[in-house]
1. Taking the options Ser44, Ser54, name whichever one is of a type in the set (S, T, N, Q), buried (at least 20 other Cβ atoms within 10 Å of the Cβ) and without any contact (Cβ under 8 Å) to a residue 24 or more places away in the chain.
2. What number of residues within the range 178-203 satisfy the criterion of being under 19 Å from Phe234 (Cα atoms) and either modelled with pLDDT under 95 or buried (at least 22 other Cβ atoms within 10 Å of the Cβ) (or both)?
3. Quick one: count up the residues across the range 214-240 that are without any contact (Cβ under 8 Å) to a residue 40 or more places away in the chain, exposed (fewer than 15 other Cβ atoms within 10 Å of the Cβ) and assigned to a helix (DSSP H, G or I).
4. So which residues in the range 155-164 are in contact (Cβ under 8 Å) with a residue 12 or more places away in the chain and surrounded by fewer than 21 Cβ atoms within 10 Å (Cβ to Cβ)?
5. Answer yes if at least one residue in the range 133-143 is part of a helix (DSSP H, G or I), under 14 Å from Asn96 (Cα atoms) and either of a type in the set (Phe, Trp, Tyr) or in contact with a Pro (Cβ under 8 Å, 6 or more places away or on another chain) (or both), and no otherwise.
6. Could you identify the single residue in Ser126, Ser72 that is touching a strand residue (DSSP E or B) at 6+ places or on another chain (Cβ under 7 Å), under 20 Å from Met200 (Cβ atoms) and not basic (Lys, Arg)?
7. Scan the range 241-255 for residues that are in contact with a Phe, Trp or Tyr (Cβ under 9 Å, 6 or more places away or on another chain) and free of Cβ contacts under 8 Å to residues at least 60 places away in the same chain and jot them down.
8. Applying the selection to the range 1-52, what residues are of a type in the set (Val, Ile, Thr) and in contact with a Cys (Cβ under 9 Å, 6 or more places away or on another chain)?
Amino acid sequence: MDSDIFSKFSLKGKVALITGASRGIGEGIASAYSKAGAKVVICSRKNRAIEEASRKIMESGGEVLGLAANVSASNDRARLIKDAMDWAGQINILVNNVGGNPHFGPLAELAESAWDKVMDINLKTSFIVSQSVYHAWMKDHGGTIINVSSVGAFETIVGINAYNIAKAALIHLTRCLAREWGPNGIRVNALAPGLVKTKMSQALWDGPLGVELTRSNPIGRIAEIDDIECGALFLASDASSFVTGHTLVIDGGQLVR
């Protein structure tokens with residue numbers, strides 16, 4: 001084994017932009033990247049939340065630029081990329097973590113406006129931010145893009161299937177970008193987490209349903225945020241330099257039940 005193998009996981013000298021990073025998985029990934037040596041740019045719609053997330057990273061000794069931005073809005077996206085480039089001069093890593101499920105219910109009752117919102121949040125925004133970073137830096141300098149999908153992309157679950165469809169499309173977008181942008185030195189991969197213990201998902205894991213999900217999972221527990229952080233660090237670092245167009249499922253075996 002290469003005696004310097006651990007250096008491949010270092011992000012020293014890199015700049016990472018993580019969207020939706022004021023809490024949960026996004027905040028965890030930003031913290032992990034900072035500890036691995038990267039400068040991080042984090043954004044969220046709420047100024048107070050992003051200030052708090054930035055404070056935590058700075059108190060851990062990290063370099064961070066926290067910006068309030070709604071990446072679904074074109075003006076905010078443009079400002080985000082400009083401010084990131086003005087601050088750091090480069091964007092080597094992009095994590096498209098923004099997502100959500102504003103609609104719960106069967107597809108037969110899904111309004112067109114709700115469909116548009118689900119696709120905008122989970123698919124379109126990731127594409128447009130990736131395209132913006134491509135033109136701002138990665139086209140000429142290479143880089144790494146990670147799209148945060150979900151195990152829902154591989155399942156059908158009545159009530160959240162619009163979300164699942166969008167996350168499945170995000171995986172195919174990942175593959176398409178990996179093929180088109182590979183010659184520019186850009187790797188594009190996806191993460192597909194299962195249920196993770198976050199405040200947003202607490203209603204699912206903190207109660208009888210959580211007990212059942214834990215019992216039925218081959219590994220016998222629900223993921224912690226640091227389980228996802230480790231996968232995100234691998235895909236962002238030189239440790240995965242020959243990996244692109246791939247979806248890393250982190251679900252404790254949920255899909256093999």
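1. Values: Ser44 fails: without any contact (Cβ under 8 Å) to a residue 24 or more places away in the chain.
Checking each option against the conditions leaves just Ser54.
2. Final tally of qualifying residues: 10.
3. As a first pass, look at the range 214-240 and keep what is without any contact (Cβ under 8 Å) to a residue 40 or more places away in the chain: 214-215, 218-224, 227.
Going one step further and asking which of them are exposed (fewer than 15 other Cβ atoms within 10 Å of the Cβ), we end up with 215, 218-221, 224.
After this cut, where a residue has to be assigned to a helix (DSSP H, G or I) as well, the list is 215.
Total meeting the criteria: 1.
4. Answer for the range 155-164, where residues must be in contact (Cβ under 8 Å) with a residue 12 or more places away in the chain and surrounded by fewer than 21 Cβ atoms within 10 Å (Cβ to Cβ): Glu155, Val158, Gly159, Ile160, Asn161.
5. yes
6. That would be Ser126, the only listed residue that is touching a strand residue (DSSP E or B) at 6+ places or on another chain (Cβ under 7 Å), under 20 Å from Met200 (Cβ atoms) and not basic (Lys, Arg).
7. Result: Val243, Leu248.
8. Initial filter on the range 1-52 (of a type in the set (Val, Ile, Thr)): 5, 15, 18-19, 25, 29, 40-42, 50.
Residues satisfying the conditions are Ile18, Thr19, Ile50.
The values are calculated or read from the model by the stated rules, or taken from the named source; none is laboratory data. These numbers were taken from a predicted model, which means no experiment stands behind them. Here the Cβ is made from the backbone with ideal geometry for all residues, glycine too, and neighbour counts use every protein chain on show.
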